[in-house]
Amino acid sequence: MSLATTKPSADSSTGVARPKIYILDAFHEAGVALARQHADVVCWPDPAIHNWPENADGVMVRMTPITPEQLARAQHVKVICKQGVGYDTIALDAARARGIPVCRTPGVNSEAVAEMAFALALSVARRVSRFDRMLRAGAEIVRPQHLGIELQGKTVGIVGMGNIGKSVAKKWLGAFDAKLLTYAPRSPADHWSDLPHTRVANLHEMLPQVDVLTLHLPLSAESQHMMGRKELALMKKNAILINVSRGGIVDEQALFESMSSGHLFGAGLDVFEVEPPPADYPLLQLENLVATPHAAGGTHETQERSALQVAQQVIDVLQGKPPANCVN
């Protein structure tokens, strides 16, 4: 019988009913175990998770959207904690109206996401995924027809100067002695003073100069389709575009048109406007696209750390402590 259909259990030492934590997505077992030490847990894939608005005291979530309609039904929810940095899947205004703090786990997956951005750039530049597919298919490979490009000393544009962007910057400097251009209008003027880089005043100033453009910013009204037809056209013919941030920052129809015309050398995308993209999605048919399924934070180390942090932040609020890393 699911926890949603039973009376809440009581702490044997106090007789007080234990709170309920609903875990709406697959979480690392360490976070689930920690939550169970302090609360009754209803955990994915138990279908009872759909009743969280009526029954939950705390919510742990990764990718499942939380809508205004669900929050309007929220009876007892005291905190929602989202694993990761992005929170565009949660209706913040509705949560604020209900007095429900929404928390996240900034910085916990910075290294993992930065590594994926780096891996995608290398895979695009050196045709790794293309060669892998051709070898597995037994295709004839005429190597001069599939030449890659070297990245040593190239100019890399970084949009967004948060924790992930800084980790990416360090990797490009250390591995390839890259020339770094950065664009982040809301970051302080002295940001990253410990790293050699050049700040640009606007995105259009950066785009014609870069060999690799890597995006590390949240999805917002300001960043929606930041990379559209006009912006893609400003990039060098053989430039590489990397997006491990959020789908929607790149206009994917415009990117398909640009790549199909041979304007860009290639692109690496971990995120899409529709996730997962359908198998017949036009971008996925392009040989010079390397795609991963929003998996940049998917390492054993990151998932364990972030699951524990989500669980602890929910537990703290349920025990009367102020919310940490609150976004609303």
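No value in this document is a laboratory result; all are computed from the given coordinates. Since the structure is predicted, the reported quantities are computational estimates derived from the model, not experimental observations. As a convention, Cβ positions derive from the backbone with ideal geometry for all residues, glycine included, and neighbour counts pool all protein chains shown.
Put +1 on the Cβ of every Lys and Arg and -1 on every Asp and Glu Cβ in the range 46-164; which of His146, Val85, Thr67 then has its Cα farthest towards the positive end of the dipole? Farthest towards the positive end: His146.
Among Tyr183, Tyr22, rank each residue by its count of other Cβ atoms within 10 Å, from fewest to most, as a rough exposure measure. Intermediate values should be presented prior to the final figure.
Numbers: Tyr183 22, Tyr22 30.
Fewest to most other Cβ atoms nearby, the residues stand as Tyr183, Tyr22.
The GluC sites (Glu not before Pro) found in the range 106-147 that occupy coil by DSSP, while having at most 13 further C-beta atoms within 10 Å, are Glu140. Relative contact order of the chain, taken over Cα pairs closer than 8 Å and 6 or more residues apart, is 20 percent.
The dipole here belongs to the range 16-146: it is taken about the Cα centre, uses +1 on the Cβ of Lys and Arg and -1 on the Cβ of Asp and Glu, and is about 300 debye.
What's the lysine pair count for the range 110-244 at a Cα cut-off below 15 Å, pairs eight or more apart or interchain? Here the count comes out as 8.
Computed over Cα pairs, the Kirkwood radius of the chain leads via Stokes-Einstein (1.567 mPa s, 4 °C) to a diffusion coefficient of 60 µm² per second. Amide H to amide H distances under 5 Å link Ile90 with Ile66, where only residues 5 or more positions off or on other chains count and H is placed in the peptide plane. How big is the gap, in Å, between the Cα center of the range 111-160 and the Cα center of the range 32-56? With the range 111-160 and the range 32-56 each reduced to a Cα centre, they are spaced 41 Å.
Out of all DSSP beta bridges with both ends in the chain, state the antiparallel percent to the nearest 5. Spell out each step's value before the answer.
Values: 2 of 39 bridges.
Just about 5 percent of them are antiparallel.
Taking a straight Cα-Cα cut-off under 17 Å and skipping sequence neighbours fewer than 8 places away in the same chain, the lysines within cross-link reach of Lys321 are Lys20, Lys78.
Counting only other residues whose beta carbon sits under 13 Å from that of Phe176, what net charge do I get with K and R as +1, D and E as -1? Intermediate results must be reported in sequence, preceding the final value.
Values: positive: Arg126, Lys154, Lys170, Lys171, Lys179; negative: Glu150, Asp177, Asp211.
Net charge around Phe176: +2.
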